[in-house]
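Structure first, commentary second.
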Amino acid sequence: MQEPHQYRSQQMESKQWSITKLYNSYFHEPASQLYKLHAKLDQLVMQAYSFSEDDDILSKLLELNLQLADREKQGLPVIGCRYSTG
């Protein structure tokens with residue numbers, strides 16, 4: 001799978017567009033490669049964190065980020081996406 005960053009960079013350079021113009025033009029088009037790359041990335045994130053489709057993903061990622069930041073402040077290790085508070 002081509003990484004979103006690499007694809008975006010190539011498209012921005014070849015079209016001489018900003019990232020905003022690229023996303024405004026293609027992000028919501030299901031046939032576009034940008035849309036497909038983000039759909040795959042979303043799927044992989046959901047799988048990695050054991051999220052379900054009913055979850056509020058942004059809220060859950062924020063909660064996890066805050067937990068991990070707290071662990072870092074305490075000097076505790078932060079290891080991978082399968083971190084558990086238990």
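The values are calculated or read from the model by the stated rules, or taken from the named source; none is laboratory data. If you're wondering where the values come from, they're calculated on a predicted model, not measured in any experiment. All Cβ positions, glycine included, derive from the backbone under ideal geometry; neighbour counts span all protein chains shown.
Restricted to region 39-59, and to residues that are of a type in the set (Gly, Ala, Ser) and over 10 Å from the mean Cα position of the chain (by Cα), which residue is farthest from Tyr23 (Cα to Cα)?
Checking each candidate, the answer is Ser50.
Taking region 46-57 only, how many residues are surrounded by 14 or more Cβ atoms within 10 Å (Cβ to Cβ) and part of a helix (DSSP H, G or I)? Steps first, answer last, please.
Just the residues of region 46-57 that are surrounded by 14 or more Cβ atoms within 10 Å (Cβ to Cβ), to begin with: 46, 49, 51, 57.
Then keep just the ones that are part of a helix (DSSP H, G or I); that gives 46, 57.
The number of residues fulfilling the criteria is 2.
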Next on the checklist: I want to confirm something. Restricting to region 1-23 and keeping residues that are assigned to a helix (DSSP H, G or I) and among the hydroxyl-bearing types (Ser, Thr, Tyr), which single residue is nearest to Glu53 (Cα to Cα)?
Outcome noted: Tyr23
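Looking at region 24-44, which of its residues are in contact with a Leu (Cβ under 8 Å, 6 or more places away or on another chain) and either farther than 19 Å from Gln10 by Cα or not in a loop (DSSP other than H, G, I, E, B) (or both)?
Our first condition is that a residue be in contact with a Leu (Cβ under 8 Å, 6 or more places away or on another chain); within region 24-44, this holds for 26-27, 34.
Passing the criteria: Tyr26, Leu34.
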Checklist entry - Which one of Lys21, Lys60 is of a type in the set (Lys, Arg), in the same structural domain as Ile79 (by TED's automatic domain parsing), surrounded by 11 or more Cβ atoms within 10 Å (Cβ to Cβ) and over 19 Å from Glu3 (Cβ atoms)? => result Lys60
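Being free of Cβ contacts under 8 Å to residues at least 24 places away in the same chain and touching an Asp or Glu at 6+ places or on another chain (Cβ under 9 Å) is true for just one of Leu37, Leu22, Leu76, Leu66. Which residue is that?
On the way: Leu37 fails: free of Cβ contacts under 8 Å to residues at least 24 places away in the same chain; Leu22 fails: touching an Asp or Glu at 6+ places or on another chain (Cβ under 9 Å); Leu66 fails: touching an Asp or Glu at 6+ places or on another chain (Cβ under 9 Å).
Unique residue meeting the criteria: Leu76.
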